[in-house]
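Below is one structure, written out as structure tokens; comments come after it.
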Amino acid sequence: MSDLWYSLPALAQDIALTFALLLPALLVGALVLRGFAPWPLTRAILWRFRGASVMFVLLIAISVGMGIGLLAQERGLRRGTAQAADKFDLVVSAPGSELSVMLAAVFLQPTDMPLLDGATYDEIASHENVSVAAPLAFGDSYGDAPVIGTTAEFARDLADDRIEGRMWQASDEALAGALVPLGVGESFTPAHGHGDAAEGDAHGDAHLRIVGRMAPTGTPWDRAILLPVEAVWEVHGLANGHAPERAGQIGPPFDPDYFPGTPAVVVRAEALWANYALRSEFTRDRETMAFFPGAVLAGLYAVLGDIRQVMSLMALVTQGLVAASVLLGLFILSRLFRRQIALLRALGAPARFVFAVVWSFGAALLVAGAGLGLLTGVAAASVLSRVVTARTDILVTAPIGWSEIHFLAGFVSLTLLLSLLPAAIVLRQQVVDGLRA
Amino acid sequence: MGLPLTISELVVPGGKGRVLLSLPKLELPAGALVGVRGPSGAGKSTLLYALAGLLEAEGSIRWGETELLRLGAERRTRFRADNIGMIFQDFLLFEELDAGANAALTALFRPRRERAAMRLRASKRLSALGLGDHAGRHVSSFSGGERQRVAIARAMAAEAPVLLADEPTASLDRASADRLIDDLVHLARDSGTTLIAVSHDRHLTDRMDRVLTITDGALLGDEATAA
């Protein structure tokens, strides 16, 4: 049986699971409604209590929508951060916190980091399995935009080779990320440091010109200005990575003797397997640390996974509570149509018919609320995504996925089963008391 | 054709040892039109509800061959669906439905194959009661007399052999009440339905074959009328 299950395509499994979750409700519905046509009465009752019904539907929709929106958002955030780390196969830095280095290198969060020296960089760059070894130089900014020195090859790779204008060719030329408010041809002077602590006039004599604009990447790098790493070294009054006789060179190879140091090197291997070999090779006590940002993120998600479970549980409990209060409200409402219920019994309606009317009233509210909740969830997730994207520059898209559909199916099934309760309580009322009420 | 009624040693208890109604013996032939009168709280409605099988009681209530009190709750309900139509003082219609849907209300819980025939009968009853052109109107726009006619059409849609009416004219003005009494009596007589009507309205009770008087839960009078 489990072999059969695992042999199914993922889509079939998702659809089957949704169906399985809905099955109890469908079965109960079929059993309750079999042979009857309660809908005209259900519609009449819905119409009579339209105000309360609309309130109930909205209440359910908002609670379901928030639950779904949060779950979708959380997944979208994970996916967005993973995507942001996509271009960073392996990062080598001085030993320290992998998380800090990852935040600095991938998400451009400023942090003080020790530098790798020229010999170490050279060893990495000249390793037989390394195809790209891009030094990253952080620390400067222009307005909100971090200014990052690196190599043309890495910049091109980051933008998937989609650059409007052209690549830099001299150390006073730069590329703007898609969200940087500088156009091609405009000049700027980088400030030393970031934010309030930035020293605007520290590099007063450096004038750099934007010569190209990178296509959007959906990462914090969209907000960055990229320039040749030589330029960063030069504005800090350091050697520019090349021997004096080749001072005008831009890009690798760098001369270890004139290499001022880099906080991190982004490495791409010739082959996937080589990444693992490189990681173990450059993980050395007190010298270098090599890690996969993807793996660090995965570790982070694993820690957050527990929180996600708590969140899901909380969303489920909240929705359960809303559903319970709706069912309670339903029961109170049913006291209001007690005479009609008694009338139906007096006219010879079987208990199951009366049960079907009350249950389908509750079911209509719950299903409408859940449907509207799905739409609310889609809207909430899209708004949250925009807010998160605007705040973090990490492109987060949070389409509703199967796990939300399953969550919703479980909710609908459970509450439709629970709404059997008020329907059963209504049946216990005395017919004659109801007629005289 | 109506059902005959035989009651013997009927006692409807009211809790705490009280007796709401005690009726040692009563026999009504099929198709009889019977009025029930008496002061308020005397037990008239209790009798009606007991005859519909809606109250627990001791003794025997026999409709034709059916001993009502021996039936379980659901079988009584089924008996009611097949054999008893009920009419109430305040009509008890579904205000959100039109006249046709109200008259055919009991079709909703009938087997699918019977529903169309039931709707047809309900619509014929409405026509016979002068509401044929208004079947599509919502009953909320109807006058009291019209509403009670819809209730009668509903009670008679299943061609039940017994009709139980609880103060059917009490919410109507005199003219409407008189027209309704005419219609009710004609319909019952034409179809041979056994009609038991609890009423304070002499215009109604005078049109019955017999009038029972109930006081303090006991049958104090049983007279044939001039009708």
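Only the coordinates and a few stated rules stand behind these numbers; no lab work does. From a predicted model like this one, the values you see are computed outputs, not experimental measurements. Neighbour counts are summed over all protein chains in view; Cβ atoms, including those assigned to glycine, are modelled from backbone coordinates with ideal geometry.
In sequence order, the range A:337-343 has phi-based couplings of 9, 4, 5, 5, 5, 4, 4 Hz under the Karplus curve 6.51 cos²θ - 1.76 cosθ + 1.60, θ = phi - 60°, and Gly or Pro positions carry x. For chain A, the mean residue ellipticity at 222 nm estimated from helices alone is -18500 deg cm²/dmol, where every DSSP H run of n ≥ 4 contributes -39500 (n - 2.57) and the total is divided by all residues, rounded to the nearest 500. I'd like to know which of A:Leu116, A:Gln169, A:Ala159 lies farthest towards the positive end of the charge dipole of the range A:57-180, counting +1 on Cβ of Lys and Arg and -1 on Cβ of Asp and Glu. The listed residue farthest towards the positive side: A:Ala159. As a length-normalised measure over Cα pairs under 8 Å and 6 or more apart, the relative contact order of the range B:25-128 settles at 13 percent.
Cross-link partners of B:Lys44 among lysines, defined as those whose alpha carbon lies under 28 angstrom from its own and excluding same-chain residues fewer than eight positions apart: B:Lys16, B:Lys25.
For B:Glu95, the shell of other residues with beta-carbons less than 10 Å away shows a net charge of +1, using +1 for Lys and Arg and -1 for Asp and Glu.
Amide H contacts of B:Thr215 (H built 1.01 Å from N, in plane; Pro and chain starts excluded): B:Leu220 sit under 5 Å, all sequence-distant by 5 or more or on other chains. Amide H contacts of B:Leu163: B:Gly85, B:Thr194, B:Leu195, B:Ile196, each under 5 Å away and 5 or more positions distant or on a separate chain (H built 1.01 Å from N in the peptide plane; Pro and chain starts excluded). In order along the range A:28-36, the Karplus-derived 3J(HN,Hα) couplings, from 6.51 cos²θ - 1.76 cosθ + 1.60 at θ = phi - 60°, round to 4, x, 4, 5, 5, 8, 3, x, 10 Hz, and Gly and Pro are given as x.
Shown in residue order for the range A:301-310 are the 3J(HN,Hα) couplings computed by the Karplus curve 6.51 cos²θ - 1.76 cosθ + 1.60 at θ = phi - 60°: 4, 5, 5, 6, x, 5, 5, 4, 5, 4 Hz (x for Gly and Pro). Roughly what percent of Cα-Cα pairs across the range A:90-291 reach past 28 Å? The share of Cα pairs beyond 28 Å in the range A:90-291 comes to 21 percent.
Largest mean-square fluctuation among A:Phe49, A:Phe88, A:Phe361, in a Gaussian network model of chain A whose springs join Cα atoms under 10 Å apart, belongs to A:Phe49. From helices alone, chain B scores -10000 deg cm²/dmol at 222 nm; the rule is -39500 (n - 2.57) for each run of n ≥ 4 DSSP H residues, then divide by the residue total. Radius of gyration (Cα atoms) of chain B, expressed as a multiple of 2.2 N^0.38 Å: 0.99.
For A:Thr217, nonlocal amide neighbours, meaning residues 5 or more places apart or on other chains whose placed amide H falls under 5 Å from its own, are A:Ala178, A:Asp222.
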